[in-house]
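Scroll down for the structure; my scribbles are underneath it.
The values are calculated or read from the model by the stated rules, or taken from the named source; none is laboratory data. Keep in mind the model is a prediction, meaning the values are calculated, not measured. Virtual Cβ from ideal backbone geometry, glycine too; neighbours counted across all protein chains shown.
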Amino acid sequence: MASNFQAVKGTRDFYPQEMRLRNYIIDTWRRVSLRCGFEEYDAPIFEYLDLFTVKSGEEIAEQLFSFTDRGGRDLAIRPEITPSLARMVAEKINALPRPVKWFSVPRLCRAERPQRGRLREFFQWNVDVIGVDDILADAECIFACVEALREFGLTPADVEMRIGSRPLWTAVLDSLAVPTERRDDVLALVDKRFKLPEDAFDKLLAESFLNDEQTSVIRDLLSHENVTVEQLLTDYSGRVDIGQTVERLSQLLGYLEAYGIAEWCVLDLRVVRGLAYYTGVVYEAIAAGERAVAGGGRYDNLLQVVGGPAESATGFGMGDVVLGILLDEKGLLPADLASESLNFFVIDAVEGVFPKVLDLVARLRKGGFSADCHTRRQNVGKQLKQADKRGARCSVLLSGNDLRIKTMASGEETDIDATTFLDDPGKWLQ
Ligand code: HAM
């Protein structure tokens, strides 16, 4: 019978089958994080509203699920975890061993218009390094991102790591006399380049406060996809001083080469990122159809903005939604995501021994094995069918003190007494 209620649009129910996929993705993220030397943290699912509006930019502020609590406090459910991370690290900065290399898999909510790949509730893997000014920290995060993509079975043909530079954009916008306070607006506009059809973007640009020269230079910057540092120097060093920026970019490319992931990465000035706190190199992992699987960059001012010391920081977030769609499209979801198999299904082969069944189930569970039995007695044949459906590796047929172990895969049966069986139940699972 259908329920009178439906799940809210843009949210997901995780029935056991979907839960297995979610766990597969999150377990893989965790494994890669630990392998790369990151430690796990978490933060509250709601915070003071201000934390999310102070420097994240208009787009995310518009997508907040916010509310006033009974004490009149303005709060919001987290749309991202980076501001919470900055708050947490700023609070304990002197007590934390450096560098801070942390990861988290928060559940996030954004009041977006739900569409394929964008939901209103999702999971996002976050990997961040705080306290390292060297661009090596950015390379380290990009490596972790690529390592996870690779672990899922994806290749550079499936996902491209596009690397852009906010300082280069800032320098060019300054040279065009775009007022500092309007810079974030321009970058937010540029970020819409891939979120809108081309003519809609052109219209936005034409209708913005930018003059013809500014618009034309911005268009030129946007034509710099898949560029080399040499080309950047040729095209822009006459206009602005980008020596240091380009030097850092080539250092980054050197590290990525040394890490063996250069084939995943391209320099692409079209990437600026939508969040306002980024200050340095920025990047997005893009799949066919311009779908962003992950995005991040350097945000050296955020700790200060939330009241902490000046501290360099860099990192990225990877969502589970686009990733799940991509893995499905590429046939990369493991076939054995089938149900967690049960070790033993205990069957009462004769009537009147159910307390012994429960005792055996309890002993097996205590010994670290998964074990279960029926909830309503049926004949042995039906119980065996149930064991099979539950994916049990072995059925244990109990009558008195004697047991019959049936290995479900081979159908082989062995009689054994209960004490001997309980000495080493694991033997039957090999
Ligand atoms: P973001 O670009 O807003 O960055 O999100 C990163 C990734 O999260 C996106 O590429 C996408 O895969 C996923 N994502 C974002 N919004 C949604 C949505 N509504 N539905 C499904 N998936 C979504 C950040 O959140 C930054 N805080 C990342 C970061 C960490 N930067 C530095 N450290």
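Numbers for the structure displayed
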{"quantity": "Enumeration of residues in region 103-132 that are assigned to a loop (DSSP other than H, G, I, E, B), surrounded by 17 or more Cβ atoms within 10 Å (Cβ to Cβ) and more than 8 Å from the ligand (Cβ to nearest atom)", "calculated": "Val105, Pro106, Gly131, Val132"}
{"quantity": "Residue within region 67-75 that is touching a Phe, Trp or Tyr at 6+ places or on another chain (Cβ under 9 Å), at pLDDT 95 or above, over 21 Å from Gln304 (Cα atoms) and of a type in the set (Phe, Trp, Tyr) present", "calculated": "yes"}
{"quantity": "Of residues in region 35-84 being surrounded by 12 or more Cβ atoms within 10 Å (Cβ to Cβ) and of a type in the set (Val, Ile, Thr), the one farthest from Asp191 (Cα to Cα)", "calculated": "Ile45"}
{"quantity": "Candidate set: region 394-413, residues that are surrounded by fewer than 18 Cβ atoms within 10 Å (Cβ to Cβ) and charged (D, E, K, R); chosen: the one nearest to the chain's Cα centre (by Cα)", "calculated": "Glu412"}
{"quantity": "Options Val321, Val293, Val266; residue that is over 17 Å from Phe152 (Cβ atoms), β-branched (Val, Ile, Thr) and in contact (Cβ under 8 Å) with a residue 24 or more places away in the chain", "calculated": "Val266"}
{"quantity": "Tally of residues being under 28 Å from Phe65 (Cα atoms) and outside any strand (DSSP E or B) across region 28-54", "calculated": "13"}
{"quantity": "So Gly71, is it within 15 Å of the ligand (Cβ to nearest atom), more than 21 Å from Ile142 (Cβ to Cβ) and either not in a helix (DSSP H, G or I) or not assigned by TED's automatic domain parsing to the domain that holds Asp185 (or both)", "calculated": "no"}
{"quantity": "Strands (runs of 3 or more DSSP E) within region 250-359 that include 1 or more residues away from the ligand (no atom under 16 Å from the Cβ) and charged (D, E, K, R)", "calculated": "344-348"}
